[in-house]
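A quick write-up on the structure given underneath.
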Amino acid sequence: MHRSSLVLPLLVLQMLISQASLKGQSNPPLPKGFAPGEKEAMPAYIQQQMVNRNGITTPPGGSLRTMAEWEEIQALVITWTAFPAIHREIVRYAQEETMVIIHCSDSNAVKSNLQAFNVPLSANLKFLEVPFNSIWIRDYAANSVYRDKVGDLILVDWIYNRPRPNDDAIPEHYSQALGIPLFQTYSAPNQLVHTGGNFMSDGSGNFFSSELVLDENEPGNPYYSPGKSEAEVDQTIDAFMGMSNYCKMTNLPFDGIHHIDMHMKLLDEQTLIVGQYPQGVADGPQIEANLQYLLSNYQTKWGTPFKVIRIPMPPSTSGLYPDNGGYYRTYSNAVFINKTLLVPTYREEYDTTALRILRENLPGYRVIGIDCDDNSQNSNLDQQIIRQGGAIHCITHSVGVNDPLYISHLPLEDSWTNGPFLVEAEILHRSGIANATVFWTTDTTQAFQVLPMQLRSGSTEIWEANIPSLPGGSKVFYYIAANAISGKSQMRPMTAPQGRWEFTVFGSMQQEKIQGNPFVQPVFPNPSSGLTVLPVQISSAEPLEIVIQDMLGRIVWSSDSKSYSPGNTQLFFNSEHWNPGLYQIIARQKEVKTVQKLLVY
């Protein structure tokens, strides 16, 4: 069927848009997915959007870097409608970290609501009275992109994959309020339909989405947008956002919206937190397959394997999961707001574990749960947003600062040598870096020692310093601070000194033989409770056997003795059903035996 024959008359489109606008400000609210009549409205809507926008539709040009979510932000943006109980808590905590821009129909009504629940009206609140359709601002807001890594800030806005023109115009309102140029993928040959909940950036050009981004743009797609091949999608993303690699994973069968923020999140450049279902349940098998595909085909910006942290995907109150009619509950649908992480919560027996996992892996961050599924006897409909297909991340978006001081560092791993330990970091600011420092200690009750960093010879971006040699058994805590010539300062982790990296110096005496050690990097995640990655370096073609045994000597996993081609590889095992406790991972190659420890919880 020709596209022209599918385009609805403009009058019908306008009627559907009017109905959608009314629904967006009443009960029931518009869902993340299509509301009745919306899918039929998409053809005419796409045609209209391509000629009805006010942003810049040509690519920005030059070198571009899309911000990661854990970077410093100047504003959090929300659209106040439908779920005020949740928005109140977001505003309560977010305004302590940054400006909060609230798009709303009546700012006085919002202020009264906040005050009624003892939420302060600080100078960090900014109200924009503008039309809107729905609450799902993550999907229709714009992404922060920097020229030349840390240069001028721009915003990049895609065509929203729902026929909601007021939502699609929201980036124009707050970009104008903040004075930030807005670039939009609305005109040929750069049309691109995309959605923010289905996009992650590591801040260095590595992007992640489900294959929904291809479905939305392929020839003959259900949105009737101009067709693009995968290569053309990548070209458009690169032209507007700067891309090195784009990992696209198979859509999950029971996640109706196919947004990766419902089960996956980057905590930093190398750490993925990934939702975990009980074995064989719901989207669990496809999540595991996608994760193994990602780990086998993509690496961090440093060429190292991604680390994986698993977090539970809780069932409905009935005990049902999405494959049996349960709602899609998730903890990965969280939002960074500088030194705070806001996390959706559901029920204490699951929330306690999830919040502990996040706090352990984000030291120094204020990790706060916000109820998105009130299940008390006096059920609060204002909190049951998860039934609409989204949570905290879905109803927030962020705007990067105008002058980022960028620090990117690959944390040091546990070491079998006694040092010294080279600390390297990419450190940038538009005015230049005046100085950079490593703060380190082996005793957090004492003051950190100060270690000046120096620019690497021949480099304008890489700073380095050596933590001195230490005896076996030492545990090292450290962080990096930098000052720009302009006076801007920053630390990494951002939460330092409460947040810091750490590693253990095992020393050569704790390894039976260093020569031929295949464990050049430790197993991760460690502690483990699910899919686990064992990086292995093969130095010879001699058969290598790897077994994992519990402390009673019982073998729980074996790679079998086999020959591997020399080089780096990754082995995978699943510890989900193993008893909690300490395990040994033992590698044998001829007479050489190497051991490392694994904790299962």
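Each reported figure results from applying straightforward, stated rules to the coordinates on display, with no laboratory input. Note that the structure is predicted; figures quoted are calculated from it, not measured. When we count neighbours, we look across all protein chains shown, and the Cβ atoms used for this are built from the backbone with ideal geometry, even at glycine.
Peptides 573-582, 126-135, 356-365 ordered by packing proxy, namely the average of other Cβ atoms within 10 Å per residue, highest first: 126-135, 356-365, 573-582.
Taking the number of other C-beta atoms within 10 Å as the exposure measure, put H173, H259, H393 in order starting with the fewest. Walk me through the intermediate numbers first.
Values: H173 19, H259 30, H393 24.
Ascending Cβ contact count within 10 Å gives the list H173, H393, H259.
Compute the Cα gyration tensor for the range 157-245, then decide on rounded, prolate or oblate, letting a ≥ b ≥ c be the square roots of its eigenvalues: rounded whenever a/c is under 1.5, prolate when a/b is larger than b/c in the other cases, and oblate in all that remain. Here the range 157-245 falls in the oblate category. Using the alpha-carbon atoms, what tilt in degrees (0 to 90, nearest 10) does helix 84-94 show relative to the longest principal axis of the chain? Taking Cα atoms only, the helix is inclined about 50 degrees. About the centre of its Cα atoms, the chain shows a dipole size close to 480 debye [charges on the beta carbon of Lys, Arg (+1) and Asp, Glu (-1) only; nearest 20 debye]. Applying a threshold of 32 Å to the alpha-carbon distances of K32/K126; K32/K597; K32/K488 flags K32/K597; K32/K488 as lying beyond it. Which of the pairs K149/K307; K265/K307; K265/K301; K149/K339 have their Cα atoms more than 18 Å apart in this structure? K149/K307; K149/K339, as the Cα separations exceed 18 Å there. Ellipticity at 222 nm from helices only: DSSP H runs of n ≥ 4 in the chain, each -39500 (n - 2.57), divided by the residue count, give -5000 deg cm²/dmol. Within the straight-line cut-off of under 28 Å between alpha carbons, the lysines reachable from K39 are K23, K228, K248, sequence neighbours fewer than 8 places apart in one chain being disregarded. Shape analysis of the range 45-117 places it in the oblate category; the axes a ≥ b ≥ c from the Cα gyration tensor give an a/c of at least 1.5, with a/b not above b/c.
Put simply, when 197-204, 60-67 are sorted by average Cβ atoms within 10 angstrom per residue, most first, you get 197-204, 60-67. For the chain, the longest principal axis of the C-alpha atoms and the axis of helix 38-49 are separated by about 80°.
Report, as a whole number in µm² per second, the diffusion coefficient that Stokes-Einstein gives for the range 6-400 at 20 °C and 1.002 mPa s using the Kirkwood radius over alpha carbon pairs.
Numbers: Rh = 21.2 Å.
Here the translational diffusion coefficient equals 101 µm²/s.
Counting 0.36 nm for each residue step from R554 to F117 and taking away their Cα separation leaves a gain of 151.7 nm. Count Lys and Arg as plus one, Asp and Glu as minus one, and take only other residues whose Cβ is under 15 Å from that of G284; the net charge is then -3. Applying 0.36 nm per residue to the separation of E349 and S318 and subtracting their alpha-carbon distance, the gain on full extension is 9.8 nm.
By the scheme Lys and Arg +1, Asp and Glu -1, what is the net charge of all other residues having a beta-carbon under 12 Å from that of A465? Here the count lands on -1. If the chain linking T58 and Q570 were pulled fully straight, counting 0.36 nm for each residue of separation and taking away their Cα-Cα distance, it would gain 180.1 nm. Hey, for a label at S105 modelled as a point 7 Å past Cα toward Cβ, could you say which residues of the range 50-85 have their backbone N under 13 Å away? What the label zone holds, given the 13 Å backbone N cut-off, is 80-83.
Of the peptides 332-342, 312-322, how do they stack up when ordered by the mean number of other Cβ atoms within 10 Å, highest first?
332-342, 312-322
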